[in-house]
1. Just to be sure, is residue 216 out of contact with any Lys or Arg (no Cβ under 8 Å at 6 or more places or on another chain) and free of Cβ contacts under 8 Å to residues at least 24 places away in the same chain?
2. Which members of the range 1-43 meet the condition of being part of a loop (DSSP other than H, G, I, E, B), modelled with pLDDT under 90 and either within 38 Å of the chain's Cα centre (by Cα) or farther than 26 Å from residue 89 by Cβ (or both)?
3. Find the residue count for the range 319-371, including only residues that are closer than 17 Å to residue 294 by Cβ, free of Cβ contacts under 8 Å to residues at least 60 places away in the same chain and either under 19 Å from the mean Cα position of the chain (by Cα) or surrounded by fewer than 13 Cβ atoms within 10 Å (Cβ to Cβ) (or both).
4. For the range 420-437, give me each residue that is assigned to a helix (DSSP H, G or I) and either open to solvent by 100 Å² or more (accessible area, probe 1.4 Å) or modelled with pLDDT of 95 or more (or both).
5. Can you confirm whether the range 158-175 contains a residue that is surrounded by 12 or more Cβ atoms within 10 Å (Cβ to Cβ), modelled with pLDDT under 95 and closer than 21 Å to residue 328 by Cα?
6. Condition first: open to solvent by 60 Å² or more (accessible area, probe 1.4 Å) and over 26 Å from the mean Cα position of the chain (by Cα). Now tell me which residues in the range 269-283 satisfy that.
7. Scan the range 122-150 for residues that are within 30 Å of residue 361 (Cβ to Cβ), part of a helix (DSSP H, G or I) and charged (D, E, K, R) and report the count.
8. Look through the range 224-268, keep the residues that are closer than 30 Å to residue 324 by Cα and at pLDDT 90 or above, and return whichever of them is surrounded by the most Cβ atoms within 10 Å (Cβ to Cβ).
Amino acid sequence: MQVTETAAAGLKREFRVVVPATDLEAKVNARLDDLKGKVQLRGFRPGKVPVAHLKRLYGKSAMAEVIEDAVREANTKIVTDNGYKLATEPKVVPDDGTVEGVIEGKADLAYKVEIEILPPIPLADFKTIKLERLTAEVTDPEIDEALQRIADANRPFVAKTEAAEKGDRVTVSFQGTQDGKPFEGGSAEGVPIVLGSAQFIPGFEDHLIGIKAGESRTFGIKFPDAYAAPALAGKDATFAVTASAVEAPGAVTVNDDFAKTLGLESLEKLRDGIKDRLQREHAGASRQKLKRALLDQLDERHKFEPPPSLLEQEFNTVWGTVEGDLKAQGRTFADEGTTEEKAREEYRAIAERRVRLGLVIAEIGEKNNIKVTDEQLTAAVMERARQMPGQEQQVWDYYRNNPGALAGLRAPIFEEKVVDFLVELAEITDKPVSREELFKEDEA
């Protein structure tokens, strides 16, 4: 086997590989000789089938397997001998018109292999990173507010004969049409709607104010321009609605008895549960802001050109999402206050940052032997399965049979472990803030 580097530019490398036909022939004969003792053919005793006869029957398939092994061996040799880390899988380009001759054993295996490598990534001193961790205590007013939301959600409703008012619950059946024809998703039976809750498209609930049980109404509605279903976005529709029940909200006394209706032994236990949930929300928001600040510092401290193919793949993924969202909302770049050219530039910068950070995180993990254990991966699969009651086995089989899907679960776990490692090294200062500031969205 002869391997010669023929080009090197930036992160791209090109090699020419030649494997003599005699070497391929020897490997094919060895493979067929091994097959001779295993195959059973009519007219031949076991182990006595002539290699020449086997070659006529299986020669081409054996040669194809030998060629595949030779290409894999050559690619591995190139990577190992040069200490490369590959950005993408090698691209093999056979010489024109030689494939058939190689399969028939009449020509050398000669091809070009194009590879793209990862750049060296000198890691920063992570002990010099300084971060501010926002923290917020859970206050009694927050618990009271959350408790009131729970009470409102569990408020009893009592049937009334009077006309429906805001806050009442109206149970309706409806049929929507466009140009006199029903449309998909435009009809339903026995749907309870709390008037003023904004459950339905804007204007729908307003038309139910004043309706009584047994009454029917027909009215027109225009779907929002940004409606999730593109076929309906911005379109006019007519709804024929019949109310089967009108109910007024009843009073709720928030006490121990109310807590027991929720499966808790006392109001104190309910408040404790609410406080625990709010503390977890605070901790999650604090973690996300700390992680974002950490990633910003990693980005500032590691500037290098990412592999073009990885950047292009990431940009295409991001851009596809952007275009899909705009199309679903029926909006244009002009509606977003920009142009397609400017948007492409902005999202390419985002894609470049994501690729760089991904490579930096991978390098940190490799250098510090950070790994995702089988137990952690299994726990992640089980958590996904729990989220789909009744389909646990299908979820389990899906991840077991799809390495790509399993890698998609492993990646975020690995990233969080690297973040934990870096947080331990960095200098962290806690900063108490209000809940509003903790949950405030960053403009960036």
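1. Answer is no for this residue.
2. Selection gives 37, 38, 39, 40, 41, 42, 43.
3. The total comes to 5.
4. Here is the first cut: in the range 420-437, the residues assigned to a helix (DSSP H, G or I) are 420-425, 435-437.
Across the range 420-437, the qualifying residues are 420, 421, 422, 423, 424, 425, 436.
5. No: the range 158-175 contains no residue that is surrounded by 12 or more Cβ atoms within 10 Å (Cβ to Cβ), modelled with pLDDT under 95 and closer than 21 Å to residue 328 by Cα.
6. Correct list: 269, 271, 272, 275, 276, 279.
7. Residues in the range 122-150 being within 30 Å of residue 361 (Cβ to Cβ), part of a helix (DSSP H, G or I) and charged (D, E, K, R): 1 in total.
8. The initial filter retains those residues of the range 224-268 that are closer than 30 Å to residue 324 by Cα, namely 224-239.
Still in the running and at pLDDT 90 or above: 236-239.
Details: 236: 11, 237: 18, 238: 15, 239: 20.
So, considering only residues that are closer than 30 Å to residue 324 by Cα and at pLDDT 90 or above, the one surrounded by the most Cβ atoms within 10 Å (Cβ to Cβ) is 239.
The values are calculated or read from the model by the stated rules, or taken from the named source; none is laboratory data. These numbers come from a predicted model, not from an experiment. Note that each Cβ is placed from the backbone with ideal geometry, even for glycine, and that neighbours are counted across all protein chains shown. Ligands, DNA and RNA are excluded from the accessible area calculation, which covers all protein heavy atoms including side chains. Shrake-Rupley method; radii C 1.70, N 1.55, O 1.52, S 1.80 Å.
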